[in-house]
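Down below is the structure, laid out as structure tokens.
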Amino acid sequence: MSYTLTTPLYYVNDRAHLGSTYTTLACDAIARHRRLRGERVTFITGCDEHGQKIQRTAEAAGLSPQAHCDAVSEGYRELWKRWQISFDRFIRTTDPRHRQLVEQFFARVEAAGDVVEGRQQGWYCVACEEFKDDPHEAQDPECPIHRRPLEWRDEVNLFFRLSRYQGQIEALIRRPGFIAPASRQKEVENFVAQGLRDFSISRVDLPWGIPVPGHSGHTFYVWFDALLGYLTALLEPQEPVQLERLPERGWPAQLHVIGKDILRFHAVYWPAMLLSAGLPLPVRVFGHGFLTREGQKMGKSLGNVLDPEVLLERCGRDAVRWYLLRDIAFGDDGDFQQQRFSDLVNSDLANTIGNLLNRTSSMARKWFAAAVPPAGAAELADHPLAAASQEAAAAVNRSLENLDFRAAAEAILELAGVANGYLNDRAPWKAMKQPGQEEAVAADLYAVLEASRWVAVLLAPLLPELSGRMLQQLGLPPFLSDAQACAAGSGWLEAQHWGLLASGSPLPEPEPVMQRLELDAPL
Ligand code: MSP
């Protein structure tokens, strides 16, 4: 069995932004943690390439929709590579096999009697690709999210009979853990309680979409097609499309991570579609919050969009991952503040974690022949730093299991804090000047180096690169947590054992493991 998790499939109307980067980084940490623990993981990401929004964007750029999609989705794939996202599958909804899968799925839904013709009238937001329930203003209504005019639509479409699934969806969304965090459950319950209405799954006069078999002139509504991308992604390369094989390929997904704006699609429409087609339902849908920047919504018109390329270039992966995962409670809205960003990175990573290792290994090298000192009493499992390390590991594992990145990061930071406190109390630089203290100093330095090793181990799912640099500084190999590396077993859980650092093993020349962020100009 594999643990299948997904990011949303990102629209290719624009390049990646901080929001999509945030979701993708969070999923990467989850995937790495699972792999490190020895689970098989299928981590899916990709692009959503059909629909009116994409068609209009391509037209405005003077490109064919396909050429536009090719360019933007390649940009996404490259960006995720540069961020070292450990995805296993990258699905594009313009993949020819996806079209076949959509056709097969639709055939099942139609055979179940769930497709009817109907008239769709209402206000549509092209940016959301969604009909809006009740626009507040009667005249020239705007989308509350995009602040752009809604468009009036009146056409004959095919409808999916969502109303038939009222009872099953009610039961599903009440199931503890299906919608996470729990605070989002109420909002979906309220929506469902109003009574589910059939929704249109086709469009007429929209050439940039998958044609609906047997209904000429209709293409599939982009959301119907996009959600199915999660299934297509699971097909093995070159494998013919067969819906019945999906359970062997990792369906159902254990986790869909999405932003709160698209919760309804994932927690209501999608399960109903799957019920209709006789396929298993995803186990959990996690709706995270929205990011603002210095208290303001990010948008092109405001000119304050934070570009993930710039962040990567100027700040590096570790810093951004740490800030987003440590400072924002996953599920809540969050605000990107540049000053706070650099303050946290410098105090947590450069000082508390980085300096601890640096100064301890410098002392060990100086006084103990450039090697890990003899452990002596520090080897004992009841050493205070052994207990603190074990506690931190338990908290990290538990918190990551619950998708609480912040609690995981805090547990690691606390361990580093305790080790710093221990070093300051024991003051080996003073003790070393007293006669007969060498053994005690050796044991203290050993304990702090070993605690730093635990910090590095526990950081592996969150900040794989900093973890690797710390381990290198201790003369140890990194934990690899991408798909190929973990197939043979990562040794990560085994590394959570006090006293594994070998006394006498050489310590390399220390170098700062984390550069300080000095952001003088705005990002
Ligand atoms: N194509 C659909 C998803 C289809 S999934 C089968 C889509 N794409 S999107 O590119 O517009 O949005 C992708 C994700 O980015 C959504 O989960 C959305 O919530 C998230 N975010 C967009 N702006 C955001 C912030 N400012 N902050 C955090 N996440 C945000 O929707």
| What whole-number value in Å² describes the accessible area per residue of the chain for a 1.4 Å probe? | 42 Å²
| said: Checking the cross-link filter: which aspartates and glutamates have an alpha carbon closer than 15 Å to that of LYS430, excluding same-chain neighbours under 8 positions apart? | reply: GLU438, GLU439, ASP444
| request: Enumerate the lysines that LYS300 could reach by cross-link, defined here as Cα to Cα under 18 Å, with residues fewer than 8 away along the same chain left out. | output: LYS53
| said: At 0.36 nm per residue, and after removing the present C-alpha to C-alpha distance, how many nm does the segment from PHE290 to GLU518 gain when stretched out fully? | reply: 79.4 nm
| task | Determine which aspartates and glutamates satisfy two conditions relative to LYS132: a Cα distance under 17 Å, and not lying fewer than 8 residues away in the same chain. | result | ASP140, GLU142, GLU151, ASP154, GLU155, GLU187, ASP198, ASP261
| said: Give me the extension gain from LEU493 to GLU511: residue separation times 0.36 nm, minus the current Cα-Cα distance, reported in nm with one decimal. | reply: 3.8 nm
| message | Counting only other residues whose beta carbon sits under 11 Å from that of TYR446, what net charge do I get with K and R as +1, D and E as -1? | response | -3
| request: Report the antiparallel proportion of the DSSP beta bridges in the chain as a percent, rounded to a multiple of 5. | output: 50 percent
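Taking 41 Å as R0, compute the FRET efficiency from the Cβ-Cβ separation of ASP140 and VAL204 and round it to 0.05. Can you show the working numbers first?
Working: r = 25 Å, r/R0 = 0.60.
FRET efficiency, ASP140 to VAL204: 0.95.
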| request: Return the distance in nm (one decimal) between the two label points of a simple spin-label model at LEU302 and ALA485, each offset 7 Å from Cα along Cα→Cβ. | output: 3.7 nm
| said: Just to confirm the number: angle between the C-alpha axis of helix 464-473 and the first principal axis of the chain, 0 to 90 degrees, nearest 10? | reply: 20 degrees
| query | Once the Cβ-Cβ distance between ARG40 and GLN339 is put in as r, and R0 is 41 Å, what FRET efficiency do you end up with, to the nearest 0.05? | reply | 0.45
| message | Under 17 Å from a point placed 7 Å out from the Cα of ASP133 along the Cα-to-Cβ direction: which residues of region 255-283 have their backbone N that close? | response | 260-270
| Angle in degrees between helix 438-459 and the longest Cα principal axis of the chain, rounded to the nearest 10 | 10 degrees
| query | Label-point separation (nm) for ARG406 and SER64, each offset 7 Å from Cα along Cα-to-Cβ? | reply | 4.9 nm
| Sequence of ASP444, ASP140 from largest to smallest accessible area, 1.4 Å probe | ASP140, ASP444
| query | Once Rh is set to the Kirkwood radius over Cα pairs, what Stokes-Einstein translational diffusion coefficient, in µm²/s, holds for the chain at a temperature of 37 °C and a viscosity of 0.692 mPa s? | reply | 130 µm²/s
| Estimated 222 nm signal from helices in the chain, with DSSP H stretches of n ≥ 4 weighted -39500 (n - 2.57), rounded to 500 | -13000 deg cm²/dmol
| message | Can you give me the distance in nm between label points at SER2 and GLU187, each placed 7 Å from the Cα along the Cα-to-Cβ direction? | response | 3.1 nm
| field | Within region 2-288, percent of DSSP bridges classed antiparallel, to nearest 5 | value | 50 percent
| query | Where a ≥ b ≥ c are the square roots of the eigenvalues of the C-alpha gyration tensor, would you call region 2-288 rounded, which needs a/c under 1.5, or, failing that, prolate if a/b is larger than b/c, or oblate? | reply | rounded
| query | In region 417-523, which GluC sites (Glu not before Pro) fall in coil by DSSP and have 16 or fewer other Cβ atoms within 10 Å? | reply | GLU494, GLU518
| task | Please determine, in degrees from 0 to 90 and to the nearest 10, the orientation of helix 52-61 with respect to the longest principal axis defined by the Cα atoms of the chain, where the helix direction is its Cα long axis. | result | 80 degrees
| request: Select from region 105-192 those GluC sites (Glu not before Pro) which occupy a DSSP coil region and have at most 15 other Cβ atoms within 10 Å, ordered by residue number. | output: GLU137
| field | Accessible area of region 2-288 belonging to carbon and sulfur atoms, whole % at 1.4 Å probe | value | 48 percent
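On full extension of the chain, what length is gained from LYS81 through LEU500, given 0.36 nm per residue of separation minus the C-alpha to C-alpha distance?
147.5 nm
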| If you take the beta carbon distance between GLU236 and GLU309 as r and set R0 to 45 Å, what does 1/(1 + (r/R0)^6) give as a FRET efficiency, to the nearest 0.05? | 0.90
| task | Would you pull out the residues with amide H under 5 Å of GLY334's amide H, same chain only if 5 or more places away, H placed 1.01 Å from N? | result | PHE290, LEU291, THR292
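The values are calculated or read from the model by the stated rules, or taken from the named source; none is laboratory data. Treat the numbers as computed from the prediction; the structure is a model and nothing was measured. Note that each Cβ is placed from the backbone with ideal geometry, even for glycine, and that neighbours are counted across all protein chains shown. Ligands, DNA and RNA are stripped out before the accessible areas are found, and what is left, the full protein with its side chains, is counted by its heavy atoms. Shrake-Rupley method; radii C 1.70, N 1.55, O 1.52, S 1.80 Å.
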